[in-house]
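First the structure, in the form of structure tokens, and then the observations on it.
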Amino acid sequence: MKKLALHWQILLGMALGVVFALILSNFGWGPNFIEDWIKPFGTIFINALKLIAVPLILASLIKGVSDLKDISSLSQMGLRTIVTYIITTVIAVSIGLGVVNLVKPGSTITEDTRSELVEAYGGEAEMKRQDAQRQKDAGPLQALEDLVPDNIIGAAGNNRNMLQVIFFAIFFGIGLILIPEKTAQPVKDFFDGFNEVILKMIDLIMLTAPYGVFALLAALVVEAPSADLFAALGMYALCVVGGLALMIGVYILLVWIFTRHTPKSFLNGIGPAQLLAFSTSSSAATLPVTMERVEEHLGVKREVTSFVLPIGATINMDGTSLYQAVAAVFIAQAFGMDLSFGTQLGIIATATLASIGSAAVPGAGMVMLVIVLAQAGIPEAGLALIFAIDRPLDMCRTTVNVTGDAAVSMMVAKSQGKLGVPMVKDWDDNYKK
Ligand code: ASP
């Protein structure tokens, strides 16, 4: 019998995880069984992916930067990357604002539902608010200060410090460009080999993906809040998901215009990374697979992927910014506030910055949403209104975040003459060996 392609295996794993959890939820012991005996396998799977992230960034970015030959092509690529990231984020926020103003989901929330939600989730919302307060208390140049680590081992020891590792790798790569070729070569060869090993490790982890996502989805289902609350927030969720779907359409269009890759080839190439982003809700955990897919299946050269994608995973979150815009206006509507045009323009700026500042981990977008709310004068207690449905929306927005990074890396690669023919054509050729 022909073996099922990997993406189908992952989708099947997800579907079976949901069905399995729904069946077990009918038994008193079911949820505990999933918590104790199934969920740990999901955690192990995510950990294995995160484990790869720091060595992968180090190896591939050092090699990528040093292959650039001169510093001017690095700064040119850097500028193009940042500008394109900001443009796509502003497009995303604008789509979010357009949809939420058109549909007005907040007006469907009754007074009763509002107090029920505030009562149920007020505590959790307060915790997010405090997390955000800590970030708000920092000075204006804190982000810049945080970019430069005082110890590389310390920086590499915490997945939240990805930007510091990126800084070190770029710096090291620049040093490598500036020393004589003969001395640099063995160092480059080392990182090249190191990178190959890491890529092979990703292939091995991906073989277990169907089981990993089964466990992740089963655990999510038993932890989900009651269905009635989901229904009350249906229109809001629909706005976020509709906006995100539009954004995927924008990427497909941009990729087609700039690189002539058809929607099918783009989505086939990035598909497994999207499925992982959806199941893990973390762009950081998905990064190794995003890099592998974009390089091997979409033809972007390593000099570009190694630079554009790790930076994108940390700062380019179009799905998150779109969600923040919809959520902010939805909460305002639910509290009967009318937001002026000027306030909405302010939301474009703050949601863009807040998404840049969001960490690439589950739920981070909601913490930074507090800053958008505060800036627009919307009650922060409103966070409680959207808490119940945040996780499923996080899954969807993370998928868009990862897709956006891939699309931008293809456009930047094209503009630098670094978009080649994909190494692997078939969907899962490299998982067969
Ligand atoms: N979970 C998202 C990510 O990792 C961030 C967020 O919106 O919460 O991309």
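Taken as a whole, the condition of being out of contact with any His (no Cβ under 7 Å at 6 or more places or on another chain), within 25 Å of ALA406 (Cβ to Cβ), at pLDDT 95 or above and more than 11 Å from the ligand (Cβ to nearest atom) applies to GLN274.
Looking across ALA143, ALA156, one residue alone is surrounded by 17 or more Cβ atoms within 10 Å (Cβ to Cβ), in contact (Cβ under 8 Å) with a residue 12 or more places away in the chain and of a type in the set (A, V, I, L, M, F, W, C). It is ALA156. Listed conditions (1) more than 13 Å from the ligand (Cβ to nearest atom); (2) modelled with pLDDT under 90; (3) crowded, with 21+ Cβ neighbours inside 10 Å are all met by MET411, apart from (2).
From the list LEU345, LEU353, LEU339, the one residue that fits, being within 16 Å of the ligand (Cβ to nearest atom), over 14 Å from the mean Cα position of the chain (by Cα), without any contact (Cβ under 8 Å) to a residue 60 or more places away in the chain and on the phi < 0 side of the Ramachandran plot, is LEU353. Here the condition is being crowded, with 24+ Cβ neighbours inside 10 Å and β-branched (Val, Ile, Thr); of THR343, THR352, THR286, it holds for THR286 alone.
A search for C-beta distances below 6 Å between a residue of region 398-417 that is under 15 Å from GLN274 (Cα atoms) and any residue that is within 9 Å of the ligand (Cβ to nearest atom) and outside any helix (DSSP H, G or I), counting only pairs 6+ apart in sequence or on different chains, returns THR398/SER281; ASN401/MET317. Evaluated against (1) free of Cβ contacts under 8 Å to residues at least 40 places away in the same chain; (2) among the hydrophobic types (A, V, I, L, M, F, W, C); (3) in a loop (DSSP other than H, G, I, E, B), VAL361 falls short on exactly one condition, (1).
Of the residues VAL118, VAL93, the single one that is in a helix (DSSP H, G or I), β-branched (Val, Ile, Thr) and more than 26 Å from the chain's Cα centre (by Cα) is VAL118. Restricting ILE174, ILE198 to those that are touching a residue at least 24 places away in the same chain (Cβ under 8 Å) and crowded, with 16+ Cβ neighbours inside 10 Å reduces the list to ILE198. For region 296-313, residues that are under 16 Å from the mean Cα position of the chain (by Cα) and surrounded by fewer than 24 Cβ atoms within 10 Å (Cβ to Cβ) total 1. Under the condition of being crowded, with 23+ Cβ neighbours inside 10 Å, within 16 Å of ALA351 (Cα to Cα) and either in contact (Cβ under 8 Å) with a residue 60 or more places away in the chain or under 24 Å from the mean Cα position of the chain (by Cα) (or both), the residues counted in region 372-393 number 3. In region 243-271, what residues are of a type in the set (A, V, I, L, M, F, W, C) and within 16 Å of the ligand (Cβ to nearest atom)? Of everything in region 243-271, those that are of a type in the set (A, V, I, L, M, F, W, C) and within 16 Å of the ligand (Cβ to nearest atom) turn out to be LEU244, MET247, ILE248, ILE270.
If you filter region 356-404 down to residues that are touching a Pro at 6+ places or on another chain (Cβ under 9 Å) and more than 9 Å from the ligand (Cβ to nearest atom), you find that the one that is farthest from PRO288 (Cα to Cα) is LEU373. Would region 16-39 turn up any residue that is in a helix (DSSP H, G or I) and under 19 Å from the mean Cα position of the chain (by Cα)? No, there is no match, as no residue in region 16-39 is in a helix (DSSP H, G or I) and under 19 Å from the mean Cα position of the chain (by Cα).
The values are calculated or read from the model by the stated rules, or taken from the named source; none is laboratory data. Predicted model, so just to flag it, every value in this text is computed and none were measured. Every residue, glycine as well, gets a Cβ built from its backbone with ideal geometry; the counts of neighbours run over all protein chains shown.
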